[in-house]
Amino acid sequence: MTDFHRRLGQHLAAAGISLAPLLVVDSIDQLKGLVRRHEVDAFFESMFATLDVSHLDDAWQPQLLMWRQGQRNYHSVFFVRNDSTITSLDDLSGKTVVFESARSTSAFHLPRLMLEQKGYQVLPDGQISRLPSRYVNYRFAESEINQAYWVDRQRADVGAFNDGDWQRLPESLREHLRIIGHTSPVPRWLFSLDTRLPAEMQAAVNRSLLQLMKNEDDRKSLQEASGVTQIEPLTAADRNNLAQWMEALHGQ
């Protein structure tokens, strides 16, 4: 992130704003701690992390949408082996789902939420003492390609990750699998800031990030830092989508 941070600092300096040192977190809980202590003013994150912080402190609001790996929005797909008897998400009780990692939006949080909305208890594999009537077990494979191989080799009944990962699977592997369901779409990545900052500062920061897209070297630095290929303002439809997900996640 060093080159991107330096370039953003140059843009902000032209607006009379000094950019603070860059902080990199290892978890959402660490980010929340920084927010609670007022040690950060802005951050880039996935939708789930963004809405968690907004729920914690509603002064924090998403400002810009960022494309990553060619995706503006994405959704999670659920997949099984071609010869599986599972035909829909209604057939999963007692089955094992393989996710990528606890940090992943599209390969954990998003599909887990959908399964919970369908009435399943989503439980870690091997940590169950009394089984509910409608449940799924889950395991982590630590990468999307491993998820697909685990399903293909019957180490798990179902996998779930984003539609871009499905398209990136080797054809020789994907032809053994089929999709049985998908989630609603979510924005790929978001930039948020503390709206208690002076209005002119908020505008300058948003403007500087949008200006990064106009220079080839600036665009390259952002793509190398985080895979971002485009930045644009949130639309009314985007904000409505985020409000619906906030309701689903936090009931508000």
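The values are calculated or read from the model by the stated rules, or taken from the named source; none is laboratory data. Here the structure is a predicted model, which means the values were calculated and not measured. Backbone-built Cβ (ideal geometry, glycine too); neighbour counts: all protein chains shown. Just so you know, the surface numbers come from the protein's heavy atoms only, side chains and all, with ligands and any DNA or RNA stripped out. Shrake-Rupley method; radii C 1.70, N 1.55, O 1.52, S 1.80 Å.
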Across segment 203-234, which residue is nearest to residue 106 (Cα to Cα) among those that are free of Cβ contacts under 8 Å to residues at least 40 places away in the same chain and not basic (Lys, Arg)? 223
Those residues that are farther than 10 Å from residue 76 by Cβ and in contact with a Phe, Trp or Tyr (Cβ under 7 Å, 6 or more places away or on another chain), I need them from segment 100-123; list them, please. 100, 101, 102, 120, 121, 122, 123
In segment 173-201, what count of residues is obtained for those that are under 23 Å from residue 94 (Cα atoms) and either part of a strand (DSSP E or B) or aromatic (Phe, Trp, Tyr) (or both)? 6
Hey, any hits in segment 102-111 for a residue that's surrounded by fewer than 16 Cβ atoms within 10 Å (Cβ to Cβ) and touching a strand residue (DSSP E or B) at 6+ places or on another chain (Cβ under 8 Å)? yes
Under the condition of being in contact with a Lys or Arg (Cβ under 8 Å, 6 or more places away or on another chain) and either hydroxyl-bearing (Ser, Thr, Tyr) or assigned to a loop (DSSP other than H, G, I, E, B) (or both), which residue from segment 85-107 is nearest to residue 198 (Cα to Cα)? 96
Could you check segment 150-171 and list, in sequence order, the residues that are open to solvent by less than 80 Å² (accessible area, probe 1.4 Å) and either modelled with pLDDT under 95 or of a type outside the set (A, V, I, L, M) (or both)? 150, 152, 157, 159, 161, 162, 163, 164, 165, 166, 170
Any pair with Cβ under 8 angstrom, 6 or more apart, that starts in segment 147-172 at a residue that is assigned to a helix (DSSP H, G or I) and ends at one that is of a type in the set (Ser, Thr, Tyr): 163/74; 163/76; 164/74; 165/106
I'm told residue 121 meets every condition in (1) surrounded by 16 or more Cβ atoms within 10 Å (Cβ to Cβ); (2) more than 22 Å from residue 82 (Cβ to Cβ) except one. Can you identify the failing condition by its number? (1)
Which numbered condition residue 76 fails, given (1) over 22 Å from the mean Cα position of the chain (by Cα); (2) of a type in the set (Ser, Thr, Tyr); (3) at pLDDT 95 or above: (1)
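Tell me the residue from 87, 96 that is loosely packed, with under 15 Cβ neighbours inside 10 Å and at pLDDT 95 or above, please.
The match here is 87.
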Would a scan of segment 137-147 turn up a residue that is under 20 Å from residue 248 (Cα atoms) and among the acidic types (Asp, Glu)? no
